[in-house]
Amino acid sequence: MAVVAWPALWPALAGGLALLGALAAWDLALLRRRPPLGLARRLPGRAFVGRAAEIALTLENPAREPVAVEVMDEVPADLAAEEPRFTGVLVPPAASVTLRYPIRPSVRGDRRLGPQIALERSPLGWLRRRTVAGADAVLAVYPDATRYLRPEALAPKRVLAAMGVRPSRRRGEGMEFESLRDYVAGDDPRRVDWAATARRGRLVTRLYQHERNHTVLIALDTSRLMGGRVGARTKLDYAVDGALALAYAALTAGDRVGLVVFDREVRGHLRPRAHRKALGLFVEVLRGAEAHAVEADYRTLAREVGARQRRRALVVVLTDFVEVDAASLVAPLVLLARRHRVMRDRAYEALAPDAPPGADAPLDLYRRVVLDELLREREAALGRLRRGGLETVDLLPEAITAEVLNHYLAIRHGPER
């Protein structure tokens, strides 16, 4: 080292270090005299899965000189692909600056955010002051219900058609009066409205639409199988979409709709409600639905429905299974079908093995043997459920919404059993 070789440099080195220390101490003193920045985060009132939203960060500078700042915000990866970071931000004296960044949530539920961090540069630029705020803030992310909240949702036929629902309404066989029209040959004479006939001077018959105020009870399974992923989403995500669409369609049709969220225990319950304004309650309950690492207990579902729903209802069970246990699966649902009409939609994932070229042939054969056995068990279980009075639909997760609605409308407008 030069200092070791030439001791004459020691005084100069000591003087330089003393000067640097003095400058750093002066910079620190100036930084401490300057009031700290204010840092706040503003979250959107509501965020929906798959829909763009915005988070705002506000920096407030109470000092009398401008402050250069670097800002970071810790957010879950399912909200933003990259952690938001802003460099070279200059906050004017006695003023505030708002920074905004977009998010697009991909997961429902309460998303917990980390702290927001501001690194404030000292007057001489040698030091940084760290300000931390907003730790443990929670953003509520809802299932995508925007199609039901827009003005066009007042025209339900358009909304349902966009989801793939086939029109199935029929006239003349219900119990609720709809309108009058001229009598034609073949009309039921009991439908003739004699008062209207006298006023118009010709035979007039009454038309009826299907009776309203049926009760629909949606049962959503949140057991471990529903947490299986199908692409970027889980089977439970698709089931939540189907449950929300069914609630909207049934409320729009004038039916009373309730909800049970279950697995080994009852996770949530909404008593049947009859107004479309109640859709927000379904969105709130479904927002927090998450898969649990337990098996579904259909006996728990049967007890819950039996205790709370005395009147006959259409019970729609959105669930999945692989291995079949007649005592825990078939018997409770068949018992439930004795009082209610049960429609069971199974959101299953394709089981075919995706063996790459050149894969081990014995292992691939074993997979196919297991697959065939599981498929036979499933078909046998579905057959026992049908013989027990249930209506079953076996669907891929992405096909749930439209098919559930079509089956609901077919049941609602079909003959009562």
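General observations
- Placed amide H near His269: partners under 5 Å, 5+ positions off or other chain: Val261
- By accessible area, using a 1.4 Å probe on protein heavy atoms only, the stretch 246-296 has 48% of its surface on carbon and sulfur.
- Once backbone amide H atoms are built at 1.01 Å from N, Leu395 has Arg346, Tyr348 as its partners under 5 Å, excluding neighbours fewer than 5 places away on the same chain.
- ³J(HN,Hα), Karplus 6.51/-1.76/1.60, whole Hz, each residue of the stretch 235-245, x for Gly, Pro: 4, 5, 4, 5, 5, 4, 4, x, 5, 5, 5
- Using the Cβ-Cβ distance between Ala135 and Arg311 with R0 set to 60 Å, the FRET efficiency works out to roughly 0.75.
- Local electrostatic count, Ala137, Cβ distance below 9 Å [Lys/Arg +1, Asp/Glu -1]: +1
- With the highest mean first, a sort of the peptides 296-303, 7-14 on other beta-carbon atoms found within 10 angstrom per residue produces 296-303, 7-14.
- Treating r as the C-beta distance of Ala14 and Glu82 and R0 as 60 Å, the FRET efficiency rounds to 0.80.
- Three-way shape label, the stretch 215-271, alpha-carbon gyration tensor, a/c 1.5: oblate
- The charge dipole of the stretch 185-274, taken about its Cα centre with unit charges on the Cβ atoms of Lys, Arg (+1), Asp and Glu (-1) only, comes to about 240 debye.
- The charge dipole of the stretch 1-101, taken about its Cα centre with unit charges on the Cβ of Lys, Arg, Asp and Glu (plus for the first two, minus for the last two), comes to roughly 340 debye.
- Around Asn61: net Lys/Arg minus Asp/Glu count, Cβ-Cβ under 13 Å: +1
- The stretch between Trp126 and Arg303, if pulled fully straight at 0.36 nm per residue, gains 56.8 nm over its current Cα-Cα span.
- Within the shell defined by Cβ-Cβ distances under 15 Å, the residues around Pro123 carry a net charge of +4, with Lys and Arg each +1 and Asp and Glu each -1.
- Contour minus Cα-Cα distance for Arg386 and Ala195 (0.36 nm per residue): 64.0 nm
- Gyration tensor (alpha-carbon) shape descriptor, the stretch 1-68, a/c threshold 1.5: oblate
- Residue ranges 275-285, 215-225 sort as 215-225, 275-285 when ordered by packing (mean number of other C-beta atoms within 10 Å per residue, highest first).
- Theoretical FRET efficiency, 1/(1+(r/R0)^6), r = Cβ-Cβ of Arg271 and Ala94, R0 60 Å, to 0.05: 0.65
- Burial ranking of peptide ranges 180-190, 58-68 (average Cβ count within 10 Å, highest at the top): 58-68, 180-190
The values are calculated or read from the model by the stated rules, or taken from the named source; none is laboratory data. Treat the numbers as computed from the prediction; the structure is a model and nothing was measured. Cβ coordinates were reconstructed from backbone atoms using ideal geometry, including for glycine residues, and neighbour counts include every protein chain displayed. These area figures cover heavy atoms from the full protein model, side chains too; ligands, DNA and RNA do not enter into them. Shrake-Rupley method; radii C 1.70, N 1.55, O 1.52, S 1.80 Å.
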